[in-house]
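To keep things clear, I will list the structure first and then write my remarks on it.
The values are calculated or read from the model by the stated rules, or taken from the named source; none is laboratory data. Please read these numbers as outputs of a predicted model, since none were measured by experiment. Heads up, the Cβs are rebuilt from the backbone with ideal geometry, glycines too, and the neighbour counts pull from every protein chain shown.
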Amino acid sequence: MKKILFIQRRPPYGTGFAKEALDAILMASAFEQEISLVFTDDGIWQLKTQQDTQAVGLKNFSPTFKALGLYEVKQIYVERLALEQRGLQLQDLSIPVTLLTTEQLRLLIQQHDVILSF
Amino acid sequence: MKFAILINSAPFTYQASDTAYQFCQAALKKGHVIHRVFFYHDAVYIGSNLLCPPQDEPNPSARWQTLARQHGFDLAICIAAALKRGILNEQEAKRYGKLSDNLAPEFKIVGLGQLVEACLSADRLMEFGG
């Protein structure tokens, strides 16, 4: 078994990276590996509650994050600094997460066999 | 060492896929093995058989195919990323009622599971672009 860490760095809209990365996370979760997920930089916005994409005509894929627990993605982290820099708090996020200091994030990356960063 | 390669960026616009190509060349020269190159996001355009760059510039599709043939590794294109961007093999072109297909011969359209499998089989994943 390998430890796989997905790092989500991109905002949910503006580029297609976040949405296609989520497909990869869901696929990886089917392989019975140890999957962790961390949101940092503008990737934090992917978890923002009350996303409304109607005006821009894009699909709102944020509800999928609520299903991650069903997909065996149990460890979900957010870098505290990135959250604070964007003026957000835990209650602004759509799912429960564990906050990490930047040093803890560094250690988390070190502890994984495979890093997939989008 | 056995490497899996993930490329995320479009050809021409970004240098990432060129860097990945040079990395593979260098690794192979040192006796390492490339298990699979997986093309995701806009990198799927590299699988097009219709690229016509100017003659004094490299053709990314052609040179990846040459390297893969020489060293016997997979060129795998994500099916979900490819279909929406109009990169189709014969089977998918038929399925979607398109007049033509455009996937270059050495490339294979595969599921995302092949990316995960590559991560698990290789000693190390190298990611380029994105």
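I need a count of the residues in the stretch A:72-118 that are more than 14 Å from chain B (Cβ to nearest Cβ), surrounded by fewer than 17 Cβ atoms within 10 Å (Cβ to Cβ) and among the β-branched types (Val, Ile, Thr).
Number of matching residues: 4.
For the stretch B:48-58, which positions are of a type in the set (A, V, I, L, M, F, W, C) and either at positive phi or crowded, with 16+ Cβ neighbours inside 10 Å (or both)? I'd like the intermediate steps shown before the answer.
Here is the first cut: in the stretch B:48-58, the residues of a type in the set (A, V, I, L, M, F, W, C) are B:50-52.
Within the stretch B:48-58, B:LEU51 is the sole residue that qualifies.
Of the residues in the stretch B:74-112, how many are in a strand (DSSP E or B) and either modelled with pLDDT under 95 or in contact with an Asp or Glu (Cβ under 7 Å, 6 or more places away or on another chain) (or both)? Outline the logic, then answer.
Pass one, the stretch B:74-112, residues in a strand (DSSP E or B): B:74-78, B:103, B:107-110.
After this cut, where a residue has to be either modelled with pLDDT under 95 or in contact with an Asp or Glu (Cβ under 7 Å, 6 or more places away or on another chain) (or both) as well, the list is B:75, B:108-109.
Within the stretch B:74-112, residues that are in a strand (DSSP E or B) and either modelled with pLDDT under 95 or in contact with an Asp or Glu (Cβ under 7 Å, 6 or more places away or on another chain) (or both) number 3.
Can you find a residue in the stretch A:58-71 that is within 14 Å of chain B (Cβ to nearest Cβ), touching a strand residue (DSSP E or B) at 6+ places or on another chain (Cβ under 6 Å) and surrounded by 15 or more Cβ atoms within 10 Å (Cβ to Cβ)?
No, every residue in the stretch A:58-71 fails to be within 14 Å of chain B (Cβ to nearest Cβ), touching a strand residue (DSSP E or B) at 6+ places or on another chain (Cβ under 6 Å) and surrounded by 15 or more Cβ atoms within 10 Å (Cβ to Cβ).
Residue by residue through the stretch B:5-37, note down the ones that are over 12 Å from B:PHE73 (Cβ atoms) and touching a strand residue (DSSP E or B) at 6+ places or on another chain (Cβ under 8 Å).
Within the stretch B:5-37, B:LEU6, B:ILE7, B:ASN8, B:SER9, B:ALA16, B:SER17, B:THR19, B:ALA20, B:PHE23 qualify.
B:SER61 - would you say it is buried (at least 21 other Cβ atoms within 10 Å of the Cβ), of a type in the set (Ser, Thr, Tyr) and outside any helix (DSSP H, G or I)? Full working, then the answer.
Numbers: buried (at least 21 other Cβ atoms within 10 Å of the Cβ): yes; of a type in the set (Ser, Thr, Tyr): yes; outside any helix (DSSP H, G or I): no.
No; evaluated as a whole, the condition is false for this residue.
Could we say that A:ILE4 is closer than 19 Å to A:GLN110 by Cβ, touching a Cys at 6+ places or on another chain (Cβ under 8 Å) and among the β-branched types (Val, Ile, Thr) here? Before you say what the answer is, go through the steps one by one.
Numbers: closer than 19 Å to A:GLN110 by Cβ: yes; touching a Cys at 6+ places or on another chain (Cβ under 8 Å): yes; among the β-branched types (Val, Ile, Thr): yes.
For A:ILE4, the condition - closer than 19 Å to A:GLN110 by Cβ, touching a Cys at 6+ places or on another chain (Cβ under 8 Å) and among the β-branched types (Val, Ile, Thr) - is met.
For the stretch B:53-72, does any single residue satisfy the condition of being within 14 Å of chain A (Cβ to nearest Cβ), of a type in the set (S, T, N, Q) and touching a Gly at 6+ places or on another chain (Cβ under 8 Å)? Before you say what the answer is, go through the steps one by one.
Residues of the stretch B:53-72 within 14 Å of chain A (Cβ to nearest Cβ): none.
Checked against the condition, which is being within 14 Å of chain A (Cβ to nearest Cβ), of a type in the set (S, T, N, Q) and touching a Gly at 6+ places or on another chain (Cβ under 8 Å), the stretch B:53-72 yields no hits at all.
List the residue pairs whose Cβ atoms are under 7 Å apart, where the first residue sits in the stretch A:76-105 and is over 16 Å from A:SER62 (Cβ atoms), the second is surrounded by 19 or more Cβ atoms within 10 Å (Cβ to Cβ) and among the acidic types (Asp, Glu), and the two are 6 or more positions apart or on different chains.
A:LEU100/A:GLU79; A:THR102/A:GLU79; A:LEU105/A:GLU79
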